[in-house]
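The values are calculated or read from the model by the stated rules, or taken from the named source; none is laboratory data. This one's a predicted model, so the numbers in the text were calculated from it and none came from an experiment. Methodologically, a virtual Cβ is constructed for each residue, glycine included, from the backbone with ideal geometry; neighbour enumeration extends over all protein chains shown. The accessibility values were calculated without ligands, DNA or RNA, using every heavy atom of the protein model including side chains. Shrake-Rupley method; radii C 1.70, N 1.55, O 1.52, S 1.80 Å.
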Amino acid sequence: RFGSSFRVTHRFTRPLGAGTFSNLASDLFGLDSGAQVGLEYRFGIVAGTQIGIHRTSDRTIQLLAQHQLMRQNDQRPLGIDVIASIDGTNNFRDSYSPAVGAVISRTLGRSGALYAHPIWINNTNPLPSDRTDENDTFLIGVGGRFRVRPSVYLVGEAAPRVGHTPGVSYVSFGVERRAGGHSFQLNFSNGFGTTLGQIAQGGISDENWYIGFNISRKFF
């Protein structure tokens, strides 16, 4: 209750495979390019229940709520939360994409954790031409984090989808360093999306990868 967290997501938009190695090095491996940036704040209104807002620099705003149904313990092998969100483009004035689903987690002692996110997202086709077009996406996000040093983790996630599936399924992997309430993550992904609506619309392609980072801070 009353805990909170703040997160910055940053995805450089230059594909790492474009041009020669010399071109890539001259662009400082993509760091000279533009970026899609996200700012997120979450707040615990009661124990086990949080609300949040996430805004990306393409002017998409996501509002979200998450509630814990079951906490992992000696008798319960999994943690289960329900999550609901809605994306709105043009600063929450145009196209809206509501989502509802679950966050299923399993911690592996102090070695890491596994996650599954079965989530349904509506209005993932921004320009449907008629009523027969797919306009919903169901994704099953999967992810994991594994400790390789006392405060260093390897992380990875993917979001296979059914229904409306433009682009390719989003994939990301990276390394994360934790220091108290702070975490810094360096990652590589095939897309820029960080809201549920954006991830449902997929990555750019399997041949283009982008460097990025996340910075997060928990306020206990």
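Here are some notes:
- Pair list, Cβ < 6 Å and 6+ apart or interchain, from region 66-83 residues that are closer than 15 Å to L108 by Cβ to residues that are among the charged types (D, E, K, R) and surrounded by 13 or more Cβ atoms within 10 Å (Cβ to Cβ): L78/R106
- Among the residues listed as R106, R59, the single one being under 23 Å from R1 (Cα atoms) and among the basic types (K, R): R106
- Of all residues in region 77-109, those being more than 15 Å from the chain's Cα centre (by Cα), of a type in the set (D, E) and surrounded by 16 or more Cβ atoms within 10 Å (Cβ to Cβ) number 1.
- Of the candidates G112, G141, G163, the single residue that is closer than 19 Å to T194 by Cα and either open to solvent by less than 40 Å² (accessible area, probe 1.4 Å) or over 18 Å from the mean Cα position of the chain (by Cα) (or both) is G141.
- Checking R14, R110 one by one, the residue that is touching a Lys or Arg at 6+ places or on another chain (Cβ under 8 Å), at pLDDT below 95 and basic (K, R) is R110 and no other.
- Evaluation of Q72 against the conditions (1) over 25 Å from N122 (Cβ atoms); (2) buried (at least 16 other Cβ atoms within 10 Å of the Cβ); (3) of a type in the set (S, T, N, Q) shows that the sole unmet condition is (2).
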